[in-house]
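What follows is a set of notes on a single structure, which appears directly below.
The values are calculated or read from the model by the stated rules, or taken from the named source; none is laboratory data. Note that the structure is predicted; figures quoted are calculated from it, not measured. Virtual Cβ from ideal backbone geometry, glycine too; neighbours counted across all protein chains shown.
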Amino acid sequence: MRILLFTGKGGVGKSTVAAATAALTAAAGHRTLVLSTDAAHSLADAYGVTVGREPEQVAPDLFVHQVDAQRRFEESWAEIQGYLLSVLEVAGVDPVAAEELTVIPGAEEVLALLELRLHALSDEWDVVVVDCAPTAETLRLLALPEALGWYMSRVLPVERRVVKALRPVLSRAAGVPMPEDDVFGAVERLHAELDEVRGLLAGPEAGIRLVLTPEQVVLAEARRSLTTLSLFGYRVDGVVVNRVFPDDGADPWRAGWVRAQAEVLAEVHDSFADLPVWRSEFRPSEPVGLEALLEVGRDVYDGVDPVDVRRRPEPVRVTRTSDGAVLRLRLPFVTRADVDLGRDGDELVVTVGPYRRLLTLPSGLARRRVIGARVDDGELQVRFAGDADPTRAKGEQ
Ligand SMILES: Nc1ncnc2c1ncn2[C@@H]1O[C@H](COP(=O)(O)OP(=O)(O)OP(=O)(O)O)[C@@H](O)[C@H]1O
Ligand SMILES: [Mg+2]
C-alpha cells in the first residue's frame, strides 16, 4: 500500500491536489482512498459531493473518507480524559475549565490519523492519499510516541505496578484519585497505535508531498517544512507548485505576475534540486468535480504515475568508518550553527530552531561516545567513537 500525504501552508491547494492525485490513481485502476482529517469538508467540496463518516465511493476505485475527528478524539481519549477530569475536580477546578485543560491542542488531528492505521490493516487499498492540516505540526506531534518511547517502555510499567499496589493508601494520603489500571491500558494502547501510524507515515511506502504557490513567503515556509519533516524522519518525495499563471496572451497585470512567479519558480527548483517539482496552472475557475480534478492531476504529473515516484531513502543512516561510525540525518537548508546536539542516555537529542527530536540510537551506537558533529550539504553527520564507553552504562543519563 502506497501512502501519499499532502501538506503545505493554508490555502495553497492541498485538498485540491490531494483530490486530483487520488482521481488520477483511481483512474489508473489503483484502489484509492482519500482520507481527510480536516474538520472543514473541503475534500467533499472538491469532488462536489456530500460524504458521511464512513468511506464513500465517488468514482470507480475511488473512495473518500472524511474522518470525524471529534468522534475519534472522544473514543481514544475518553478514558484518559476521564481520569484527568477526576483529578482536576478534586483540585477544585471548574468543570468547564477542566474540560478545556484536558484537551491537547492539535491532538484531534493526530488522533484522526489513527484511522490510517485501520485502513492499512484492512488491506483494502492500493493507495491512500492523505489531505493533511495546514502545516507540518501534525506530523511533528506524531513524533511524540518516539519521544515518549523511553518513558513508555521503562517508567510506565513500573508506575503501573506501583500504583496498583499502593492505590488505596496513596488515594487516601494524597487526596487525589489514583489512575485505575484501565487508564494505564488506554495510555499504552494509544501510544502503540500512534507509533504504528508514525511508522506508516515515515515508512518506505510513504511519500510526503509539499504543496506551495510561487510566492516568496510560501516558499520560505515550504523550505522550513522540509527541514522539520526531515528532522522527524519523514520522506518528502516531491513538491507541487500550484496556481502558476500561464504566460500566454498576457496583459500587463498578468505579465507582472508571470515575471514575479518565474523568479520564485527558479528558486523553487534551486531549493528542491534533488526532488521532482511538479506544476499546476492557475485555472480560470475553481477545480470542482471529478473531471476538473482529473485535469488538474494530469497537469501536475504530466505523464508521470503519481504512485511510481522514486522512493526516498531512510532519512537516518549509520555508516561504519575505520575509527568508529557516523550517523547521518538529512537536514536540508541548515548550517551547523542552527543545530544543537545533546545526549540523553541512548537517545540523541537534535534541536533545530523550535523543533526537537529525540532520536533513539541503534543499539550499536547507544553506548558509544559522540566525538564530533558537522553539517555538510544539508546533512548532519554525527561521529561516534569506535569502542563502547565503559563509563556509559546502558540507560545512564
Ligand atoms: N490550480 C488552481 N486553480 C484555480 N483554483 C484553485 C487551484 N488550486 C486550488 N484552487 C482553489 O483554491 C481554493 C483553496 O484550495 P484548497 O482548498 O485545495 O486549499 P488547501 O490548501 O486545502 O486549503 P486549507 O489550508 O484551507 O485546507 C479552493 O477554492 C480551490 O478550488
Ligand atoms: Mg484543505
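Just checking, how many residues over the range 34-56 are within 20 Å of TYR234 (Cβ to Cβ) and either more than 9 Å from ligand 2 (Cβ to nearest atom) or not in a loop (DSSP other than H, G, I, E, B) (or both)?
4
So, LEU24, is that one within 13 Å of ligand 2 (Cβ to nearest atom) and outside any loop (DSSP other than H, G, I, E, B) or not?
no
May I ask you to list the residues in the range 19-47 that are of a type in the set (Gly, Ala, Ser) and surrounded by 24 or more Cβ atoms within 10 Å (Cβ to Cβ)?
ALA19, ALA20, ALA22, ALA23, ALA26, SER36, ALA46
Looking at the structure I just gave you, is ALA39 aliphatic (A, V, I, L, M) and either away from ligand 1 (no atom under 11 Å from the Cβ) or at pLDDT 95 or above (or both)?
no
If we scan the range 1-10, do we find a residue that is within 16 Å of ligand 2 (Cβ to nearest atom), modelled with pLDDT of 90 or more, closer than 21 Å to ASN242 by Cα and polar (S, T, N, Q)?
yes
Can you tell me which condition THR16 does not meet? The list is (1) within 11 Å of ligand 2 (Cβ to nearest atom); (2) assigned to a strand (DSSP E or B); (3) modelled with pLDDT of 95 or more, and all the others hold.
Exception for THR16: condition (2).
Tell me which residues, restricted to the range 366-393, are modelled with pLDDT under 90, out of contact with any Ser or Thr (no Cβ under 9 Å at 6 or more places or on another chain) and not in a strand (DSSP E or B).
ARG367, ASP389, PRO390, THR391, ARG392, ALA393 - these are the residues of the range 366-393 that are modelled with pLDDT under 90, out of contact with any Ser or Thr (no Cβ under 9 Å at 6 or more places or on another chain) and not in a strand (DSSP E or B).
Give PRO246, PRO252 a once-over and let me know the one that is more than 15 Å from ligand 1 (Cβ to nearest atom) and either closer than 15 Å to VAL277 by Cβ or at pLDDT below 95 (or both).
PRO252
Among the residues of the range 315-360, what is the count of those that are over 21 Å from the mean Cα position of the chain (by Cα) and in a loop (DSSP other than H, G, I, E, B)?
The total comes to 5.
May I ask you to list pairs of residues, at least six apart or on different chains, whose Cβ atoms are under 7 Å apart, with the first in the range 64-92 being in a strand (DSSP E or B) and the second being at pLDDT below 80?
GLN66/HIS41
If you scan the range 78-134, which residues turn out to be within 16 Å of ligand 1 (Cβ to nearest atom) and farther than 23 Å from VAL187 by Cβ?
Within the range 78-134, VAL129, VAL130, ASP131, CYS132, ALA133, PRO134 meet the criteria.
Surrounded by 13 or more Cβ atoms within 10 Å (Cβ to Cβ), more than 30 Å from ARG317 (Cβ to Cβ), small (Gly, Ala, Ser) and at pLDDT 90 or above, is that true of ALA262?
The answer is yes for ALA262.
Here are THR16, THR50: which of them is crowded, with 20+ Cβ neighbours inside 10 Å and of a type in the set (Val, Ile, Thr)?
From the options THR16, THR50, the qualifying one is THR16.
State which residue pairs qualify: first residue closer than 19 Å to ALA266 by Cα and touching a residue at least 40 places away in the same chain (Cβ under 8 Å) and inside the range 233-246, second residue within 14 Å of ligand 1 (Cβ to nearest atom) and small (Gly, Ala, Ser) in any location, beta carbons under 9 Å apart, and separation of 6 or more residues or different chains.
Every condition considered, the pairs that remain are VAL240/GLY8; VAL240/GLY13; VAL240/SER280; ASN242/GLY8; ASN242/GLY13; ASN242/SER280; ARG243/GLY13; ARG243/SER280.
Among the residues in the range 152-167, are any more than 29 Å from ASP344 (Cβ to Cβ) and either modelled with pLDDT under 70 or under 31 Å from the mean Cα position of the chain (by Cα) (or both)?
yes
Residues GLY199, GLY203, GLY233: which one is modelled with pLDDT under 95 and at positive phi?
Selected residue: GLY233, the only one of GLY199, GLY203, GLY233 that is modelled with pLDDT under 95 and at positive phi.
For the range 179-198, state whether one or more residues are touching a strand residue (DSSP E or B) at 6+ places or on another chain (Cβ under 7 Å) and either assigned to a helix (DSSP H, G or I) or closer than 20 Å to THR16 by Cα (or both).
no
Tell me the residue from ARG243, ARG312 that is on the phi > 0 side of the Ramachandran plot, outside any helix (DSSP H, G or I), surrounded by 13 or more Cβ atoms within 10 Å (Cβ to Cβ) and not polar (S, T, N, Q), please.
Of the residues listed, the single one that is on the phi > 0 side of the Ramachandran plot, outside any helix (DSSP H, G or I), surrounded by 13 or more Cβ atoms within 10 Å (Cβ to Cβ) and not polar (S, T, N, Q) is ARG243.
May I ask you to list pairs of residues, at least six apart or on different chains, whose Cβ atoms are under 7 Å apart, with the first in the range 11-28 being in contact (Cβ under 8 Å) with a residue 40 or more places away in the chain and under 23 Å from GLU221 (Cα atoms) and the second being near ligand 1 (Cβ under 6 Å from one of its atoms) and in a loop (DSSP other than H, G, I, E, B)?
Cβ pairs passing all conditions: THR16/PRO287.
Identify the residue in the range 1-13 that is within 24 Å of LEU114 (Cβ to Cβ) and in a loop (DSSP other than H, G, I, E, B) and, among all such residues, is farthest from ligand 1 (Cβ to nearest atom).
MET1
Answer yes or no: is there a residue in the range 203-223 that is touching a Cys at 6+ places or on another chain (Cβ under 9 Å), of a type in the set (A, V, I, L, M) and surrounded by 20 or more Cβ atoms within 10 Å (Cβ to Cβ).
Yes; the residues of the range 203-223 include at least one that is touching a Cys at 6+ places or on another chain (Cβ under 9 Å), of a type in the set (A, V, I, L, M) and surrounded by 20 or more Cβ atoms within 10 Å (Cβ to Cβ).
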